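The values are calculated or read from the model by the stated rules, or taken from the named source; none is laboratory data. Since this is a predicted model, take the numbers as computed values, not measurements. FYI the Cβ positions are ideal-geometry reconstructions off the backbone, even for glycines, and counts take in every protein chain you see. Side chains are part of the model used for accessible areas, which takes the heavy atoms of the whole protein and leaves out ligands, DNA and RNA. Shrake-Rupley method; radii C 1.70, N 1.55, O 1.52, S 1.80 Å.
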Amino acid sequence: MTTTGLALAAVWPEADGGVRPVVVEADASGGDLMIRFGLPSAPSLLDVAAAAGQQYPGSLLGAACELPFGVRAVVAVPGRGPCREAVRLLAGEGGRRVLLGDDHDRGTVLLDVGRLGEDVEPLLEGADQVVLVARGGAEPLTHVSAYGFDACVYAGRLTLAVVGPCPYRAEEITKALGIEQVSFLPWDAKGVTVMSSAHHGALRTDGFRPSPLMTAARKVARQLAVLPEEGAGAGTADGGCGSTGSAAPMVARSSTGLVRGPGVEESGS
């Protein structure tokens, strides 16, 4: 699922004067990016959580690092203990203030919250959009219905991103699960390899023959980037962007939470 978040960040629409999004590993079970890319243990999610209780916590970007393929991220240390407490602090009022920034802050924060649980529910309840990432088989999709997403709480802001081969059409999934927005992300071994390498490499996101994952992720990102008052929900069930064709400008910082669904393993998500 972290790979899905990185892919969305890599192709996020150039709104807010070109401000790039920031991926935040807000997984109570611990992070993966620090080990994957050989990053130092600080700054990290722990620093953001520690600043959340201060009167002037500073900018979230102070804890962000640049990943080899050009995506900004706030990484988390491995291990459930420290990360669970950090996520709890981040889900509080001070933490949400750090994530959303001040009135003059712009841009988007993509929260990788791991699996759904009481630790991250406050983060999802405050997010502008929520993305549930799941495999496309019958068993994982059946288990999605057991995740307990409240239709009232997440109405109009829940997207199911189906990763890999899927024998069902978006309309069939919507009818069975009651999730209006359904998008498909292909299994793209080359794209995943670039986003998993500690060496600097070019991630082909547009132009001639872009990565299949990047092409599909761009459609999802455009759908998520449209704010409700500017027509979010105009997207089609297959992840299209509706009649606008592009993302509406955001007036302030927004957040999107990504949840790991059934059957999703970190190596291919």
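Stretched out straight at 0.36 nm per residue, the stretch from residue 93 to residue 118 would grow longer than its current Cα-Cα span by 7.4 nm.
Which FRET efficiency, nearest 0.05, do residue 155 and residue 55 yield, Cβ-Cβ r, R0 45 Å? Don't jump to the answer; show the numbers that get you there.
Numbers: r = 35 Å, r/R0 = 0.79.
The calculated FRET efficiency here is 0.80.
Based on the reciprocal of the average 1/r between different C-alpha atoms, the Kirkwood radius for the stretch 1-85 equals 13.4 Å.
Among 116, 67, 89, what's the order by accessible area (1.4 angstrom probe), most exposed first? Write down the numbers at each step before the final one.
Working: 116 45, 67 5, 89 65 Å².
Descending order: 89, 116, 67.
Using only the C-alpha atoms, the convex hull of the stretch 103-188 corresponds to 119 Å³ per residue. Projecting label points 7 angstrom from Cα along Cα→Cβ for residue 190 and residue 103 puts them 4.9 nm apart. Per-residue surface analysis assigns residue 128 an accessible area of about 60 Å², computed on protein heavy atoms at 1.4 Å probe radius.
How high is the FRET efficiency from residue 85 to residue 209, r the C-beta distance, R0 51 Å, rounded to 0.05? Please report the intermediate quantities before stating the final value.
Details: r = 45 Å, r/R0 = 0.88.
Between residue 85 and residue 209 the formula returns 0.70.
The slack in the chain from residue 143 to residue 35, taken as 0.36 nm per residue of separation less the alpha-carbon distance, amounts to 35.9 nm.
Taking every alpha-carbon pair in the stretch 7-166 and binning the separations at 5 Å intervals from zero gives 2, 8, 17, 20, 21, 17, 10, 4, 1, 0 percent.
What base-10 log of the normalised intensity I(q)/I(0) is obtained for the stretch 97-146 from the Debye formula, alpha carbons as equal point scatterers, at q = 0.17, 0.27, 0.28, 0.32 Å⁻¹? The Cα Debye sum returns log10 ratios of -0.65, -1.15, -1.19, -1.30.
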